[in-house]
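The structure's right below; bear with me while I get my questions together.
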Amino acid sequence: MKAERLLEEIKSRIDIVDFISDYVQLKKAGQNYKGLCPFHSEKTPSFMVSQAKQIFHCFGCGLGGDIVSFLMKQETLSFGEAIQYIAKKAGIKITDYKFDRSLSEKREKILRIQSEAMRFFVKNLKSSEPACAYLNNRGIDEISIDIFHIGYATVERDALFKYLKKSGYIDSLIKEAGLAVADGKSASGGRDVFRGRIIFPIFNIQNDVIAFGGRVMDDSMPKYLNSPETEVFKKGEILFAINIAKDEIRKRGYAIIVEGYLDAIACHQHGFKNTVAPLGTALTVRHLQRLKLMTGKVVLVFDSDEAGISAAKRSLAILCECDFSARVLLLPEDDDPDSFLRKNGSQPFEKMLSDTMTMIEFLLNTSKGDRIDNVREALGIIANMKDLILADEMLNELADRSKINESALRGELKKIKKRSGLRTAETLRPAKRTLNREEHLLLSAIIAFPEKADNVLSMLNIEELKNETIRSIFKKIKPSAGKIDMNSLLNKSDDAERALITELSLRPGFDLEHVDRNIDDCLRTLVRKKFDERRRLAEESGNLALLDSLLKEKRRLIKGLHL
């Protein structure tokens with residue numbers, strides 16, 4: 001069966017209203033359902049869900065689509081990941097369908113072997129007194145051990161490799177999953193990647209174990225070791241504990257970002273369950289793109305030593321580039337979140353979270369340069385921001401705290417942008433949206449009345465449509481014309497097209513009694529506009545023969561427009 005059949009089967013088994021109700025409190029509103037949008041902050045509900053059409057649209061932020069695109073946005077999943085998740089929920093076997101968009105057999109096998117390896121590590125921990133004692137000394141309780149599925153890799157050279165082979169996994173898959181490497185010295189032919197380490201499984205956002213991090217229990221190096229990148233694991237995309245923290249991040253409205261596994265676990269154990277950590281790397285744009293779908297606010301928690309301050313500055317730069325509102329908490333000297341919470345408990349940490357520094361305050365107070373250098377450093381970060389409102393707020397704060405005239409700061413900011421080739425506020429303003437009224441109405445008419453599509457398309461030159469999004473949608477509709485399949489159309493469309501299709505589907509439009517007259521009026525107006533433009537060009541060039549020809553053609557076409 002083809003991919004389209006899989007999507008149809010999913011939508012026939014799972015109702016979009018029931019599915020979205022797990023995320024949004026929906027109330028009946030006429031034929032549809034309404035609630036607060038999960039993708040942006042609002043006080044008045046503008047998020048609509050149609051049970052009849054199995055689509056959603058937010059009239060506030062403009063996002064729209066079907067059950068799959070909702071899950072992609074809500075859980076930060078790829079198309080393939082969303083299909084996989086939803087098919088499993090619907091009790092559908094992916095293998096019954098010819099569907100290979102991110103759903104390779106190899107990926108499935110790697111996920112299974114990672115899960116098997118996790119069970120092996122967890123079992124090892126229970127029988128290792130030194131590993132249990134280490135975790136106890138670090139203040140990690142039994143509940144956290146269970147929640148995070150913490151395990152232990154023994155010092156034996158090939159214990160996991162032999163276990164996985166005995167469990168039926170082939171050598172090449174074990175190595176491809178990043179769990180072992182080839183080793184001629186070992187009788188089994190393989191050597192475990194993780195040996196003699198506490199193991200922290202790394203999960204993706206839909207709770208699949210995709211990799212591992214390992215920490216030694218002594219002072220040997222390297223202290224931390226992560227799985228190599230695989231088909232399912234990209235280190236620069238995954239935040240540790242995101243699978244556990246995602247709901248709390250949405251609930252609290254912000255994420256706490258710390259530096260390491262133990263810091264994140266300590267925060268969760270003490271009640272700060274909106275905490276995540278990168279995997280031994282700096283924050284990346286990909287980390288933040290995924291996080292942005294949950295929140296636009298972050299609190300960075302770092303050590304107050306020079307390394308911690310430098311790391312915070314690097315993180316702030318990329319957070320601002322991705323238009324996050326960021327604050328900073330610097331812990332007392334010689335403390336990280338793990339050690340601070342173990343010594344002091346949650347209340348002092350909670351108090352410190354309520355008294356964090358803004359980015360501007362942090363840069364002005366912690367930089368070693370003179371005041372002007374610190375101001376320029378802050379301006380350099382602001383210059384990279386795309387959100388002009390957020391950038392303006394930060395510039396106002398910089399003027400207040402630095403006591404430098406705001407107009408002088410704006411002038412300096414403009415120079416920095418010019419030197420860096422960045423766009424200034426004038427060029428950053430969004431381009432005017434070309435949404436020709438008649439084109440909009442025609443698309444609305446054939447979405448509401450698909451049986452009218454053949455007549456409209458026979459009279460319409462799609463290539464002459466001004467709006468790119470509408471032109472693209474009409475091209476997708478043309479092959480099926482009178483048999484418009486909403487599911488198929490949404491699946492072929494990009495985000496902008498889906499948003500417009502769902503908006504027009506849910507917005508009140510034409511009634512059947514007047515639709516033919518409305519379509520006729522729109523087509524006539526488009527003809528007039530086209531010939532008015534060509535006439536203007538003919539007049540400007542002085543081509544009287546062309547002008548006369550155009551006027552005759554215009555009269556003939558308008559007279560012939562009877563739908």
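No value in this document is a laboratory result; all are computed from the given coordinates. Not measured: the values here are computed from a predicted model. So basically every Cβ, Gly included, is an ideal-geometry build from the backbone, and we count neighbours across all protein chains shown.
In what sequence do SER488, SER172 fall when counting other Cβ within 10 Å, fewest first?
Working: SER488 15, SER172 9.
Lowest to highest Cβ neighbour count: SER172, SER488.
Report the normalised scattering of the chain as log10 I(q)/I(0) at q = 0.07, 0.12 Å⁻¹, calculated by the Debye formula with identical scatterers on the alpha carbons.
Cα-only, vacuum Debye calculation for the chain: -0.57, -1.24.
Oh, and also: Scan segment 289-390 for GluC sites (Glu not before Pro) in coil per DSSP, keeping those whose Cβ has at most 15 other Cβ atoms within 10 Å, and list them by number.
Numbers: sites: GLU306, GLU321, GLU333, GLU350, GLU361, GLU377; in loops: GLU333.
For GluC sites (Glu not before Pro) across segment 289-390 that sit outside H, G, I, E and B with at most 15 neighbouring Cβ atoms in 10 Å, the list reads GLU333.
Once you have the Cα-Cα distance between ILE170 and ARG471, take 0.36 nm times their residue separation minus that, and quote the gain in nm to one decimal. Please list the in-between numbers first.
On the way: separation 301, 0.36 × 301 = 108.36 nm, distance 5.12 nm.
Extending this stretch completely gives an extra 103.2 nm.
In degrees between 0 and 90, to the nearest 10, how far off the longest principal axis of the chain does helix 495-506 point, with axes built from Cα atoms?
Roughly 60 degrees between the two axes.
If you count, for each residue, the other Cβ atoms within 10 Å and average over each peptide, how do 214-224, 200-210 line up from highest to lowest?
On the way: 214-224: 13.1, 200-210: 20.5.
Highest-to-lowest ranking by the protection proxy: 200-210, 214-224.
Let me ask you something else. Using mean Cβ contacts within 10 Å as the protection proxy, how do 338-347, 128-137, 288-297 order, highest first?
On the way: 338-347: 16.3, 128-137: 14.5, 288-297: 19.2.
For the peptides 338-347, 128-137, 288-297, the packing ranking is 288-297, 338-347, 128-137.
Highest mean first, what order results for 268-279, 391-402 on Cβ atoms within 10 Å?
Values: 268-279: 21.7, 391-402: 17.3.
Result, highest mean Cβ count within 10 Å first: 268-279, 391-402.
Over 26 Å between Cα atoms, which of LYS235/LYS292; LYS43/LYS234; LYS234/LYS313; LYS292/LYS483; LYS53/LYS246 qualify?
Values: LYS235/LYS292 18 Å; LYS43/LYS234 37 Å; LYS234/LYS313 24 Å; LYS292/LYS483 38 Å; LYS53/LYS246 29 Å.
As for pairs spanning more than 26 Å Cα to Cα, those are LYS43/LYS234; LYS292/LYS483; LYS53/LYS246.
Give me the distance between the Cα centres of segment 456-489 and segment 347-415, rounded to whole Å.
So the two Cα centres are separated by 49 Å.
I would also like to ask the following. What would the Debye formula give as log10 I(q)/I(0) at q = 0.18, 0.25 Å⁻¹ for the alpha-carbon point model of segment 3-96, no solvent?
Once normalised to I(0) and log-transformed, intensities are -0.78, -1.34.
For segment 136-142, in order, what is each residue's ³J(HN,Hα) by Karplus, 6.51 cos²θ - 1.76 cosθ + 1.60 with θ = phi - 60°, in whole Hz (x at glycine and Pro)?
4, 5, 7, x, 8, 8, 4
Run the quick spin-label model on ALA187 and ARG5: label points 7 Å from Cα toward the beta carbon, then report their separation in nm to one decimal.
In this crude spin-label approximation the distance works out to 5.1 nm.
Sticking with the crude label model, points 7 Å out along Cα→Cβ, report the distance from SER21 to ASP373 in nm, one decimal please.
Taking the two extended label points, one gets 6.2 nm.
What ³J(HN,Hα) values, in whole Hz, does the Karplus curve 6.51 cos²θ - 1.76 cosθ + 1.60 give for segment 59-72 when θ = phi - 60°, with x put for Gly and Pro?
7, x, 9, x, 6, x, x, 10, 4, 6, 5, 4, 5, 4
Computed FRET efficiency, Cβ-Cβ of ASP511 and LYS89, R0 45 Å: what is it to the nearest 0.05? Don't skip to the end; give the middle numbers.
Values: r = 38 Å, r/R0 = 0.85.
Step by step, r from the Cβ atoms, then E = 0.75.
Tell me the label-point distance for the pair GLU321, LYS343, using the 7 Å Cα-to-Cβ offset, in nm and rounded to one decimal.
3.4 nm
Same structure, new question: Just to confirm a number: summing +1 for Lys and Arg and -1 for Asp and Glu over residues other than THR356 whose beta-carbon lies under 12 angstrom from that of THR356, what do you get?
Values: positive: LYS297, ARG327, LYS351; negative: GLU350, ASP355, GLU361.
Spelling it out: positives minus negatives among the neighbours equals 0.
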